[in-house]
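Okay, so here's the structure we're looking at.
The values are calculated or read from the model by the stated rules, or taken from the named source; none is laboratory data. Quantities reported herein were computed from a predicted structural model and do not represent experimental measurements. Please note: Cβ atoms are built from the backbone with ideal geometry, for glycine as well, and neighbour counts cover all protein chains shown. SASA here: full protein model, heavy atoms, side chains in, ligands and nucleic acids out. Shrake-Rupley method; radii C 1.70, N 1.55, O 1.52, S 1.80 Å.
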Amino acid sequence: RVPLFALGGSMIALSDKRDGIDPRRDSVRGLLVFAPRAPGGSSAELYDDDGITVGWTNGAGRRLVLQLRSDAPGRSQLSASSIGAYRPAYGRVRVEAIGGDVALAQGAESLLTL
C-alpha cells in the first residue's frame with residue numbers, strides 16, 4: 001500500500017477498471033473529495049470522449065465541471081455542471097468525502113453520495 005497525501009479541496013476521479021479503460025464499458029466513475037480545512041473553494045474538470053475517433057478535435061466530448069465551496073472546516077458543498085453533447089457509459093458519479101462532510105448542491109443530480 002502506498003500512502004496518498006492530498007491537500008484539502010483536492011478531487012481525484014476514479015474508475016473501477018484496472019486493465020485499461022474502454023469508454024463504452026466504463027460504467028462506474030468515482031470521485032474522492034478531500035474536505036478543505038479552511039473556508040474557500042476549489043474546482044476540477046473531468047473530460048470524456050469516445051476514446052476511438054478524433055471527434056474530440058471538433059468538440060465531440062464532455063466536460064464535467066466541479067466546484068467545491070467550504071464555509072467552515074469539515075463542511076463543504078459540491079456542485080457540478082456538464083458541458084458538451086457526449087454522454088459516457090457512466091450516468092452518475094459516486095462521491096466519497098474524506099475528512100469531512102460534502103453536501104451536494106442543487107443541480108448536481110448527476111452525482112450520488114455513498
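Summary of computed values
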item: Test for SER43: is it modelled with pLDDT under 90, open to solvent by 30 Å² or more (accessible area, probe 1.4 Å) and out of contact with any Gly (no Cβ under 6 Å at 6 or more places or on another chain); result: no
item: SER76 vs. criteria under 17 Å from ASP26 (Cβ atoms) and of a type outside the set (D, E, K, R); result: no
item: Residue check, ARG18 open to solvent by 40 Å² or more (accessible area, probe 1.4 Å) and outside any strand (DSSP E or B); result: yes
item: Scope the range 28-67; condition outside any loop (DSSP other than H, G, I, E, B) and in contact with a Phe, Trp or Tyr (Cβ under 9 Å, 6 or more places away or on another chain); matching residues; result: ARG29, TYR47, ASP48, GLY55, TRP56, ARG62, ARG63, LEU64
item: Search result, residues across the range 30-51 that are over 18 Å from GLY9 (Cβ atoms) and not aromatic (Phe, Trp, Tyr); result: ASP48, ASP49, ASP50, GLY51
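Residue-by-condition table, conditions (1) open to solvent by less than 30 Å² (accessible area, probe 1.4 Å); (2) modelled with pLDDT of 90 or more; (3) of a type outside the set (D, E, K, R):
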position	(1), (2), (3)
ALA72	yes, no, yes
GLN77	no, yes, yes
SER82	no, no, yes
ARG87	no, no, no
ARG94	no, no, no
GLY99	no, no, yes
VAL102	yes, no, yes
GLU109	no, no, no
LEU114	no, no, yes
